[in-house]
Amino acid sequence: MKKVIGVLVAVASVFGVTGLALAAEGASVFDKYMQLGSNNLSLVCLAAALAVGVAASGCGAGMGHAAGGACTGVARNPEVSGKITVTMILGLALIESLTIYGLVIALILLYANPLLG
């Protein structure tokens, strides 16, 4: 019973705070860009595209190199293909995280730009 009451209090407090946060009025992100001029918006869009593009191209090259090395390793020693595959998949996940960081930077530039104030 105590858990149910605790959950209900937590849910009620979240809904109460959410109403206060969403009630605030403010200019949208694109209105702030337009106050600074349309040239600023185009430069931010270009920076976001470059952030994602450079991150994706670098990670794509790294993934290709990793997959090629794994294929070479399996061709030389087929008995350890399981270990090589697991290591390659872990490495590919870490490489892919860099692309996700580039996407996060692009989204921050577009929607939560700290330079707009």
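Computed from the coordinates by the stated procedures, all read-outs in this text should not be read as laboratory data. Not measured: the values here are computed from a predicted model. Glycine also receives a Cβ, built like all others from the backbone with ideal geometry; neighbour counts cover every protein chain displayed.
Note the full-extension length gain between Leu107 and Leu46 as 0.36 nm times their separation in residues minus their Cα-Cα distance, in nm to one decimal.
Working it through step by step, the gained length comes to 20.7 nm.
Which residues in segment 41-69 place their backbone N less than 14 Å from a point set 7 Å from the Cα of Thr87 along the Cα-to-Cβ direction?
66-69
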